[in-house]
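Peer 1: Here it is, the structure in full.
The values are calculated or read from the model by the stated rules, or taken from the named source; none is laboratory data. The model shown is predicted, which means the values in this text are computed figures rather than measured ones. Here Cβ is always computed from backbone atoms with ideal geometry, including for glycine, and neighbour counts include all displayed protein chains.
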Amino acid sequence: MMKLKPLADRVVLKQNAAEERTASGIFLTSSAQEKPEVYQVVEVGPGGMVDGNEVKMVVKAGDDVLVGKYSGSKVKLEDMEYTIVRQSDILAIIE
């Protein structure tokens with residue numbers, strides 16, 4: 001099994017599942033489901049010096065985070081889709 005190991009201040013994310021039905025109970029087709037911008041952190045880089053600045057990693061594997069709609073790079077690995085972002089692209093940790 002392959003594993004993604006992010007470098008520097010990068011974070012590997014997996015998108016949380018989209019809602020399959022509306023609040024009133026209507027089931028949505030997969031094309032009508034709005035994908036949330038909530039992701040789960042899968043793997044975290046070591047941090048360190050990035051562009052001349054010291055970066056301390058704040059997020060950890062298992063955290064749920066909110067990410068900007070068009071942030072990061074999509075990667076497909078063994079039938080799973082991941083998004084790789086810089087820690088600074090993460091807007092918030094959801095508690």
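Peer 1: Can we say K3 is surrounded by fewer than 11 Cβ atoms within 10 Å (Cβ to Cβ) and at pLDDT 90 or above?
Peer 2: no
Peer 1: Further, regarding this structure: Can you pull out the residues in segment 37-71 that are of a type in the set (A, V, I, L, M, F, W, C), more than 16 Å from Y82 (Cα to Cα) and part of a loop (DSSP other than H, G, I, E, B)?
Peer 2: M57, V58, V59
Peer 1: Could you count how many residues in segment 7-17 are in contact with a strand residue (DSSP E or B) (Cβ under 7 Å, 6 or more places away or on another chain) and either among the hydrophobic types (A, V, I, L, M, F, W, C) or surrounded by 20 or more Cβ atoms within 10 Å (Cβ to Cβ) (or both)?
Peer 2: So the answer is 6.
Peer 1: If you don't mind, there's one more thing I want to ask. Can you find, within segment 56-89, the residue that is surrounded by the fewest Cβ atoms within 10 Å (Cβ to Cβ) among those that are of a type outside the set (S, T, Y) and touching a Ser or Thr at 6+ places or on another chain (Cβ under 8 Å)?
Peer 2: So, considering only residues that are of a type outside the set (S, T, Y) and touching a Ser or Thr at 6+ places or on another chain (Cβ under 8 Å), the one surrounded by the fewest Cβ atoms within 10 Å (Cβ to Cβ) is K74.
Peer 1: Pairs, please: C-beta under 8 Å, at least 6 apart or cross-chain, first residue closer than 18 Å to A17 by Cα and in segment 55-72, second charged (D, E, K, R) and assigned to a loop (DSSP other than H, G, I, E, B)?
Peer 2: L66/E37; V67/E37; G68/E37; K69/E37
Peer 1: Additional query: Filter segment 40-53 down to the residues that are at pLDDT 95 or above and not small (G, A, S), then identify the one that is farthest from the chain's Cα centre (by Cα).
Peer 2: So, considering only residues that are at pLDDT 95 or above and not small (G, A, S), the one farthest from the chain's Cα centre (by Cα) is P46.
Peer 1: How many residues, within segment 48-87, are under 19 Å from M2 (Cα atoms) and aromatic (F, W, Y)?
Peer 2: Residues in segment 48-87 being under 19 Å from M2 (Cα atoms) and aromatic (F, W, Y): 1 in total.
Peer 1: Write out, first by first residue and then by second, each pair whose Cβ atoms fall under 8 Å of each other, whose residues are 6+ apart or on separate chains, and whose first residue, in segment 23-52, is under 23 Å from L13 (Cβ atoms) while the second is surrounded by 15 or more Cβ atoms within 10 Å (Cβ to Cβ) and modelled with pLDDT under 65.
Peer 2: That search, which allows pairs on different chains as well, returns nothing.
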